[in-house]
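K.L.:
Just passing along the structure, written as structure tokens.
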Amino acid sequence: MLPLLDSKQAPLGPGDDAGALAVAGSEVVVSVDTLVENQDFRLYWDSGFEHKAFDIGWKSIAQNVSDINAMGGVPTGAVISLSLPEHTSIEWVKEFSKGISAAVEGLGAGRLAVIGGDLGKATEISVTTTVIGECEHGKVLRSGAKAGDRVAIAGRVGSAGAGLAVLDGSTQWQTWNRSVRRIVDSQCKPTPPLESGPRAAHAGASAMMDISDGLIKDASRLAKASGVNLNLNGDSFKDFAARLEPAAVLLNADPMQWVLEGGEDFGLLAVFPKGAAIPEEFTVIGEASAQTGRRALVKIDGQIVNGSRGFDHFSAALNR
């Protein structure tokens, strides 16, 4: 059993994208995530595509700094635990490390320093990364949305889900055109909008979280935490779906399903009070209203949607 901490030591525990600890009179946010071979990635996909060590290193940083971003914070430190089969080459580890460095620079996480970690033996590759950060404008929780607030998103939505479908499909990677390869890159090297979290916090966002398990599932979590309904406008998703047409054509699929259910783009779902100056990179997709029944709901064009739609960590491996 985990030791219990008093509220002064841990002002925010599990339930949001990151916990919070009071350290030397100031507050930091902390988050941890794990990538596991054959659960979160494959070294070789059904499409024949090789998942590079560089990309695994990149994603191990991206998914964790996203959680700090979702709290309105700036990532400042990371520790990484890497477990590997004994046959793993030194070159693989070097490329993994290069991916970490490239992500820190490429994502704009200039204040992030890798301050430690661990290396161990395992039967499969596993990467656990813990990131800490600071919230200059105060942390933004999932639970602050109020009726009348506007709902908005920043960053990519659906691209990583589409990329996963292509990777796991039967179409061989050599046949992919440039547009499809860019969509696949969204799964392998996601790009959370790191400046947008602090900007949203500064603008007065009342609630926020990152979109890691799918827009509908994560919107349902925010609605439940805040005790409101979220009423979304279906037309606001059309541009996101249009960007996924190359993958949709290749797989004969509906791109809107990826927009609504695909996770791991690590975009931001934020709620802003009426009158707040919403940062320009956010797209307004709806409005919060008072919860009228026993549970908070997410609706699209007035129709209730199933809040469980999205990624389930305990379903079949890689079944997003």
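The values are calculated or read from the model by the stated rules, or taken from the named source; none is laboratory data. In this text the structure is predicted, and so the values were computed from the model without any measurement. FYI the Cβ positions are ideal-geometry reconstructions off the backbone, even for glycines, and counts take in every protein chain you see. To get the accessible areas, we keep the full protein, side chains included, count just its heavy atoms, and leave off ligands, DNA and RNA. Shrake-Rupley method; radii C 1.70, N 1.55, O 1.52, S 1.80 Å.
K.L.:
Being exposed (fewer than 13 other Cβ atoms within 10 Å of the Cβ) and at pLDDT 95 or above is true for just one of Ala277, Ala288. Which residue is that?
P.N.:
Checking each option against the conditions leaves just Ala277.
K.L.:
While we're looking at this one, here's another question. With the condition kept exactly as written, say whether any residue in the stretch 106-127 is within 30 Å of Asp301 (Cα to Cα), modelled with pLDDT of 95 or more and in contact with a strand residue (DSSP E or B) (Cβ under 6 Å, 6 or more places away or on another chain).
P.N.:
No, every residue in the stretch 106-127 fails to be within 30 Å of Asp301 (Cα to Cα), modelled with pLDDT of 95 or more and in contact with a strand residue (DSSP E or B) (Cβ under 6 Å, 6 or more places away or on another chain).
K.L.:
Also, I was wondering about something else. Going through Asp301, Asp235 one at a time, which residue ends up being out of contact with any Lys or Arg (no Cβ under 6 Å at 6 or more places or on another chain), exposed (fewer than 14 other Cβ atoms within 10 Å of the Cβ), acidic (Asp, Glu) and at positive phi?
P.N.:
Asp301
K.L.:
If you don't mind, another one. Of the conditions (1) open to solvent by less than 30 Å² (accessible area, probe 1.4 Å); (2) farther than 30 Å from Ala290 by Cβ, Ala165 fails just one. Which one is it?
P.N.:
(1)
K.L.:
Is there any pair linking a residue in the stretch 239-256 that is over 20 Å from Thr283 (Cβ atoms) and touching a residue at least 24 places away in the same chain (Cβ under 8 Å) to one that is of a type in the set (Val, Ile, Thr) and open to solvent by 50 Å² or more (accessible area, probe 1.4 Å), with Cβ under 9 Å and at least six apart or on different chains, and which?
P.N.:
Leu250/Thr175
K.L.:
Checking the structure you have, find out if any residue of the stretch 42-65 is crowded, with 20+ Cβ neighbours inside 10 Å, in a helix (DSSP H, G or I) and more than 17 Å from the chain's Cα centre (by Cα).
P.N.:
Within the stretch 42-65 (the criterion being crowded, with 20+ Cβ neighbours inside 10 Å, in a helix (DSSP H, G or I) and more than 17 Å from the chain's Cα centre (by Cα)), the answer is yes, since at least one residue qualifies.
Rundown of residues vs (1) assigned to a loop (DSSP other than H, G, I, E, B); (2) open to solvent by 30 Å² or more (accessible area, probe 1.4 Å); (3) touching a strand residue (DSSP E or B) at 6+ places or on another chain (Cβ under 8 Å), yes/no style:
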residue: Gly204; (1), (2), (3): yes, yes, yes
residue: Ala225; (1), (2), (3): no, yes, yes
residue: Asn229; (1), (2), (3): no, no, yes
residue: Ala247; (1), (2), (3): no, no, no
residue: Leu250; (1), (2), (3): no, yes, no
